[in-house]
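The block underneath contains the structure these notes are about, expressed in structure tokens.
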Amino acid sequence: MTSSTGREAAHPINPIFLNRWSPRAFSGEAVSEQDLMTILEAARWAPSAVNFQPWRFIYGIKGSAEFDRLLSLLAPGNQRWAEKAGALLMIVSETLTGKPGDEERKPIRTHSFDAGAAWMALALQAEMLGYRVHAMGGIDYAAIPDALGLPDGVHIEAAVALGRMGRADDLADDLKAREKPSPRQPLSAIAFKGKYGG
């Protein structure tokens, strides 16, 4: 068994998987471009079906116009705490092979699966550098394509807040109680031998 951050795994795993969690309290310190590139480099090396590597990242570092644009595309409930992140990212994925206008373009059925693998690589590399990350589905899906210049065939996956850990006491009262690592379902609820539901 492995135990960390008040969480306990039922089987031995590396503690990084227990240490990684999604806080809302960030320090407000900008992430260095060098650290951000290291984090994105780790995501670049994620596994990819047929090596299409369909994931794409749009980022902005705290204090930049890009950061402010990405912040404006978050749901209001996420904006109120993500404004203290050191960087914001939008994860999108290419859904088709080839270039726009190419008649041979085919669907990439695993585009979201592959983008999820890249997200986890990003999250773990950030953790190794002492950063925290929080992925969000609470974003303005309707406004994002125009605001970020997304062409046809690009799927919006999620936004990510990245930064140094802040103080939970600086959060609004309704968020303070949620500022702790969350539990997980038991392994028996998600892994089945031979068929769904076991």
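The values are calculated or read from the model by the stated rules, or taken from the named source; none is laboratory data. For clarity, every value in this text was computed on a predicted model and none was experimentally measured. Note that we place each Cβ from the backbone using ideal geometry, even for glycine, and neighbour counts take in every protein chain shown.
Structure summary
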item: Residue in region 65-78 that is in contact with a strand residue (DSSP E or B) (Cβ under 8 Å, 6 or more places away or on another chain), of a type outside the set (Asp, Glu) and over 20 Å from ALA147 (Cα atoms) present; result: no
item: Selection status of TRP21, in a loop (DSSP other than H, G, I, E, B) and more than 15 Å from ALA117 (Cβ to Cβ); result: yes
item: Failed item in (1) crowded, with 18+ Cβ neighbours inside 10 Å; (2) in contact with a His (Cβ under 9 Å, 6 or more places away or on another chain); (3) over 20 Å from ARG167 (Cα atoms), with PRO23 passing the rest; result: (3)
item: Count - residues of region 101-154 that are among the acidic types (Asp, Glu) and closer than 24 Å to TRP81 by Cα; result: 2
item: Number of positions in region 39-84 that are in a loop (DSSP other than H, G, I, E, B) and in contact (Cβ under 8 Å) with a residue 60 or more places away in the chain; result: 11
item: Filter pass, MET120 being within 30 Å of SER27 (Cα to Cα) and touching a helix residue (DSSP H, G or I) at 6+ places or on another chain (Cβ under 8 Å); result: no
item: Hits in region 117-156 - residues which are free of Cβ contacts under 8 Å to residues at least 12 places away in the same chain and either within 23 Å of ASN19 (Cβ to Cβ) or assigned to a helix (DSSP H, G or I) (or both); result: PRO145, ASP146
item: Enumeration of residues in region 1-51 that are under 21 Å from MET136 (Cα atoms) and among the polar types (S, T, N, Q); result: ASN19, SER22, SER27
item: Residue list for region 91-113, filter: in a loop (DSSP other than H, G, I, E, B) and at negative phi; result: THR95, THR97, LYS99, PRO100, ASP102, GLU103, GLU104, ARG105, LYS106, ILE108, ARG109, THR110
item: Options PRO145, PRO100: the member that is in contact with a Pro (Cβ under 9 Å, 6 or more places away or on another chain), within 22 Å of LEU70 (Cα to Cα) and of a type outside the set (Gly, Ala, Ser); result: PRO145
item: Evaluation of HIS11 against (1) over 15 Å from the mean Cα position of the chain (by Cα); (2) surrounded by 13 or more Cβ atoms within 10 Å (Cβ to Cβ) (one fails), failing number; result: (2)
item: Matching residues in region 75-90 - criterion: being crowded, with 19+ Cβ neighbours inside 10 Å and either of a type in the set (D, E, K, R) or in contact with a Lys or Arg (Cβ under 9 Å, 6 or more places away or on another chain) (or both); result: ASN78, TRP81, ALA82, LYS84, ALA85, GLY86, ALA87, LEU88, MET90
item: Boolean, SER48 is of a type in the set (S, T, N, Q) and crowded, with 18+ Cβ neighbours inside 10 Å; result: yes
item: Filter pass, SER93 being closer than 18 Å to LEU70 by Cβ, surrounded by 15 or more Cβ atoms within 10 Å (Cβ to Cβ) and hydroxyl-bearing (Ser, Thr, Tyr); result: yes
item: Meets criteria (over 30 Å from ASP169 (Cβ atoms), at pLDDT 95 or above and buried (at least 21 other Cβ atoms within 10 Å of the Cβ)) for PRO54; result: yes
item: Qualifying residues in region 170-198 (those that are in a helix (DSSP H, G or I) and touching a residue at least 40 places away in the same chain (Cβ under 8 Å)) - the one surrounded by the fewest Cβ atoms within 10 Å (Cβ to Cβ); result: LEU187
